[in-house]
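Asks: Handing you this structure, nothing more for now.
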Amino acid sequence: MSIHAPETVYRGDSYSFEVVFTNHGSAPAYDVPLIGTVDREQMKEIPAKQDFSPNESKTFTLTRNTGKAGEVITLWAQIEVPEGFMDKNPENNTATAVIRVVEKPEPTPKPGEEPQTGQRKSATGGKPRPGKAV
């Protein structure tokens, strides 16, 4: 069980992450309950139950949009042990990840451009030329 997600995303951008469910056992598992949430809201793209062959993984890639800068997005997923199934390592049945939403940095101006405007500087650097009325 694992979640692969970016640590940070820019405000207003979309982001993708993967949720990987794995049967690490040597026997098949049927009707295995799967659960996933984003900020406690169910990940509807993940089916409620799946069958797994021995050592089989199933990966779900999900995409969401960010909100405000400063938000923290919490991802949580769990593969439950089906009834009548013995799990020798229940600690690997849950995964979490945290994504921080940040502001996009200001673009770095190119040589000869004014910061934040992207417009080229005048030949005199924006200063009035001698002999011209201001």
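Asks: Collect the residues in the stretch 1-49 that are touching a strand residue (DSSP E or B) at 6+ places or on another chain (Cβ under 9 Å), assigned to a loop (DSSP other than H, G, I, E, B) and among the small types (Gly, Ala, Ser), keeping them in residue-number order.
Replies: 5, 12, 25, 48, listed by residue number.
Asks: Can you tell me which residues in the stretch 35-77 are hydroxyl-bearing (Ser, Thr, Tyr), more than 13 Å from the chain's Cα centre (by Cα) and more than 13 Å from residue 20 (Cβ to Cβ)?
Replies: Correct list: 53 only.
Asks: Let me ask another. Of the residues 123, 97, which single one is at pLDDT 70 or above and either on the phi < 0 side of the Ramachandran plot or among the basic types (Lys, Arg) (or both)?
Replies: None of the other options fit; the residue is 97.
Asks: So which of 42, 78, 50 ends up being of a type outside the set (Ser, Thr, Tyr), in contact with a helix residue (DSSP H, G or I) (Cβ under 7 Å, 6 or more places away or on another chain) and modelled with pLDDT of 95 or more?
Replies: Only one candidate qualifies: 78.
Asks: Please pick out the residue among 50, 78 that is farther than 27 Å from residue 9 by Cα and not small (Gly, Ala, Ser).
Replies: Just one listed residue meets the conditions, 50.
Asks: Taking into account only those residues within the stretch 78-116 that are among the aliphatic types (A, V, I, L, M) and in a strand (DSSP E or B), which is farthest from the chain's Cα centre (by Cα)?
Replies: 79
Asks: Could you please tell me which pairs satisfy a Cβ distance under 6 Å, a separation of 6+ or placement on different chains, a first residue in the stretch 36-48 that is at negative phi, and a second residue that is surrounded by 15 or more Cβ atoms within 10 Å (Cβ to Cβ) and small (Gly, Ala, Ser)?
Replies: What qualifies is 36/77; 43/36; 46/36.
Asks: If you don't mind, another one. Got a number for residues in the stretch 62-75 being in contact (Cβ under 8 Å) with a residue 40 or more places away in the chain, part of a strand (DSSP E or B), of a type outside the set (A, V, I, L, M) and surrounded by 11 or more Cβ atoms within 10 Å (Cβ to Cβ)?
Replies: 1
The values are calculated or read from the model by the stated rules, or taken from the named source; none is laboratory data. Model, not experiment: these values are computed from the prediction. Cβ: placed from backbone, ideal geometry, glycine included. Neighbour counts: every protein chain shown.
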